[in-house]
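Here is the structure we will look at.
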Amino acid sequence: MTPVPIALGPHADPLLMEALVRGGGEWAPMVDAQALVWAAEPDRFPDDLPESIRWVQLYSAGVEDWFGAGIIQRNPGVVFTSAAGAFSASVAEHALAMLLAGVRALPEQLAATTWRQQEFFGKVGTLRGSRVGILGAGGIGRALIPMLTAVGAAVVAVNRSDTRVPGADATLSADRTDEMWGQIDHVVIAAPATVDTRHLVGAEQLRRLGPRSWVINVARGSLVDTDALVTALRDNKIGGAGLDVTDPEPLPDGHPLWMLPNAIITPHCSNPPAVRPPAFADHVATNVRRFVAGEVLLAVIDPVAGY
């Protein structure tokens, strides 16, 4: 079978070149290619694509910036795929680490400079026997579920449909999200950032959690109402928050979240640079193989849904 010509942009990265070959493609200049693998930001994307391009693979899992730049809208005849799922295991691992750190009161214990054993007896909890809600049970959520069940937690998964999520104790469709809040002890946010998901977690949702509940956000900062979160943390209405993403981002010096002992802030590093290139290359190889075989591609972007 003749390899399918696929372009790489903005330059021919050796790791991605190997991925093309692994998937049954071969590198070609863009003017001769049937597909394009783009490993850079939207501001460097070509203004016009050759008519021969039928598919574009993007480097990022979140695609709100691509919609913001109008790139997907101005290429209606092209199938765009994101990297959703490529980095799921790494991000899920980070979410679990923050949740465990919070439940086990690690930030306060690490900050202690004297032996305060009695003080922490009432603060250290366990995930065993708890119920964790996952808002957005896509690639990250599905990777997180076996990690949570391995430590004895049950999962309530929320996804776009009510199709059962493997490993979850219960699955709710997005339009039933409100039902989740009365069923869970903690929540992990892993949903895409769209107009509909802005402030998905606000004052009302936080009010329905408990004083030992942790909110973990590894998605986008806009999904959480920051002011409402600060109030809930400051008043100890919830146990705490683990945030790898914030709104605004980066979080400014002196922001209240930096001062709160029950907030864990990491600098958007759940998908670290060392992990990204090989994971993306594997994703590319799989999608090239599917493209060559005429199969459904992974992580196809829905121009209407916005992700």
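The values are calculated or read from the model by the stated rules, or taken from the named source; none is laboratory data. The shown structure was predicted, so the numbers you read here are calculated from the model rather than taken from an experiment. Note that each Cβ is placed from the backbone with ideal geometry, even for glycine, and that neighbours are counted across all protein chains shown.
Count of region 144-166 residues, restricted to those that are surrounded by fewer than 21 Cβ atoms within 10 Å (Cβ to Cβ), modelled with pLDDT of 95 or more and of a type outside the set (V, I, T), is 6.
Of all positions in region 69-87, at least one carries a residue that is among the hydroxyl-bearing types (S, T, Y) and surrounded by 15 or more Cβ atoms within 10 Å (Cβ to Cβ).
Filtered by the rule that a residue be farther than 17 Å from I265 by Cβ and among the β-branched types (V, I, T), region 183-230 gives I184, V187, T194, V195, T197. Of the residues making up region 269-285, those that are within 28 Å of G125 (Cβ to Cβ) and crowded, with 17+ Cβ neighbours inside 10 Å number 2. Exactly one residue among A97, A89, A84 is part of a loop (DSSP other than H, G, I, E, B) and aliphatic (A, V, I, L, M), and that residue is A84. Across region 42-62, the number of residues qualifying as modelled with pLDDT of 95 or more, surrounded by 14 or more Cβ atoms within 10 Å (Cβ to Cβ) and out of contact with any Asp or Glu (no Cβ under 6 Å at 6 or more places or on another chain) comes to 12. Within region 247-296, the set of residues being touching an Asp or Glu at 6+ places or on another chain (Cβ under 9 Å), closer than 15 Å to A39 by Cβ and small (G, A, S) comprises A281, A285.
Looking across region 100-121 at every residue that is part of a helix (DSSP H, G or I) and of a type in the set (A, V, I, L, M, F, W, C), the one that is surrounded by the most Cβ atoms within 10 Å (Cβ to Cβ) is identified as V103.
Among the residues of region 36-54, those that are of a type in the set (A, V, I, L, M, F, W, C) and out of contact with any helix residue (DSSP H, G or I) (no Cβ under 6 Å at 6 or more places or on another chain) comprise L36, W38, A39, A40, F45, L49, I53. Considered as a group, the residues in region 9-35 that are within 12 Å of I53 (Cα to Cα) and crowded, with 18+ Cβ neighbours inside 10 Å include one that is nearest to the chain's Cα centre (by Cα), and that residue is A35.
Just one of the listed residues (V124, V158, V132, V103) is within 17 Å of the chain's Cα centre (by Cα) and closer than 20 Å to R212 by Cα, namely V132.
Under the condition of being in a strand (DSSP E or B) and either within 12 Å of N75 (Cα to Cα) or hydroxyl-bearing (S, T, Y) (or both), the residues counted in region 27-65 number 2.
Counting only residues that are part of a loop (DSSP other than H, G, I, E, B), in contact with a helix residue (DSSP H, G or I) (Cβ under 7 Å, 6 or more places away or on another chain) and among the β-branched types (V, I, T), region 143-168 holds 1 of them.
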